[in-house]
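Read the structure below first, then the notes.
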Amino acid sequence: MQHQRALVGFPLLSLLRQYHSSHLGIAPGARLEEPDSVLVRSASNPEFWRQAVPPRSIGKMRGEPILEGALANLIIAAGAAAQAAIGMGLNLFAIPLLALIDPVYVPGPVLVHGFLLSCLASLRLRSIDFRELGPALIGLVAGTAAAAVLLVWVTSDQLPRLLGVFVLVAVALSAVGYQIKPTTRSVLAASSASGVMGIVAGAHGPPIALLYQNESPSRIRSVLLPFFAFSNPIALGALSIIGKFGWREVYVSALLLPGLAVGFLASSWLSRLVSARIIRACLLAISAVSGVALILRY
């Protein structure tokens, strides 16, 4: 009896005993014969640890770090090239694919590269319209704060679905030719919606992109890229506060830098190939996919 009390005093041994008892169908608190030998056999059995520590889930690359890293960098390169060329797309393209490889890649590291790419691409722009960027940033902050309040009053599964419906309605209206010109009021409204969507879905792009879809490619990039340069750090700050972004994510972000560099260099060539019509189609398609994902995911 004294020996059993001493055994329970060690948390690891106590957990091993509980685990082994549950898998043998022994009721909690029941007396086991030769507890030392049972625990030793469990702890020394590789099958025990394979069950106690589950293997990587299906859909990941099963222990091939070089292949994983190469594929992750390829995804970042493709998404970075698209965003630098048309103004958006990295987050919506890369996050679901990288999550299939390893959840550690999302969302923090993708947001880091979205921020770095937006800064680099913004430096390459001929001009930035700060008169429109100012209201957009005000709306972004207001939308982020509004999302925090909405999440308190609205259930977590209702808000993303409602937002997804709004995005699909906007895409449908745009597809049939309905246009809203960028004004101070419309920029404030669209950027506020982007702030809300960034909090509940991790993607700021669709609302503000739909507003500028009929503008010239250079103007679209001059608005969206600086906008993402400010919106991504806000999202990263929120992740850091809740403990979802730390040194591990910084290390993973560093591993993806080659893909970012390749994508950024390729975007110069890609931007010369895409026309305004192609960019508009891409913006509508990306926004529609994000709206459907919001509805089906929650």
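Using a Förster distance of 25 Å, how high is the FRET efficiency between Ile242 and Cys119, based on the Cβ-Cβ distance and rounded to 0.05?
Once rounded, the FRET efficiency stands at 0.55.
Mind jotting down the distance between the C-alpha centroids of segment 88-108 and segment 217-240, whole Å?
One Cα centre to the other: 17 Å.
At Ala99 and Ser275, where each label point lies 7 Å from the Cα along Cα→Cβ, what is the point-to-point distance in nanometres?
In this crude label model, Ala99 to Ser275 measures out at 3.6 nm.
So how much slack lies between Leu74 and Thr183, counting 0.36 nm per residue of separation and subtracting their Cα-Cα distance, in nm?
35.4 nm is the gain from fully extending Leu74 to Thr183.
According to the square roots a ≥ b ≥ c of the eigenvalues of the Cα gyration tensor, what is the shape class of segment 178-298, taking rounded for a/c under 1.5, prolate for a/b larger than b/c otherwise, and oblate for the remainder?
oblate
Using only the Cα atoms of segment 65-297, what are the Rg and Dmax in Å?
Just the Cα atoms of segment 65-297 yield Rg and Dmax of 16.6, 49 Å.
Applying 1/(1 + (r/R0)^6) with R0 = 30 Å to the Cβ-Cβ distance of Leu67 and Leu265, what FRET efficiency is obtained, to the nearest 0.05?
With a Förster radius of 30 Å, E is 0.80.
Which net charge results when you count Lys and Arg as +1 and Asp and Glu as -1 among the other residues whose beta-carbon is under 13 Å from that of Val274?
On the way: positive: Arg221, Arg272, Arg277, Arg280; negative: none.
That sum, taken over residues with Cβ under 13 Å, equals +4.
Please rank Trp269, Trp153, fewest neighbouring Cβ atoms within 10 Å first, as an exposure proxy.
Trp153, Trp269
Calculate one ³J(HN,Hα) per residue across segment 267-272 by plugging θ = phi - 60° into the Karplus curve 6.51 cos²θ - 1.76 cosθ + 1.60, and present them in order as whole Hz with x for glycine and proline.
Ordered by residue, 3J(HN,Hα) equals 5, 4, 5, 5, 5, 6 Hz.
Taken together, the values in this text are just the output of simple stated rules run on the coordinates, not laboratory data. Everything numeric here is computed off the predicted structure, so don't read it as measured data. Because the Cβ atoms are built from the backbone with ideal geometry, glycine has one as well, and the counts that use them run over all protein chains shown.
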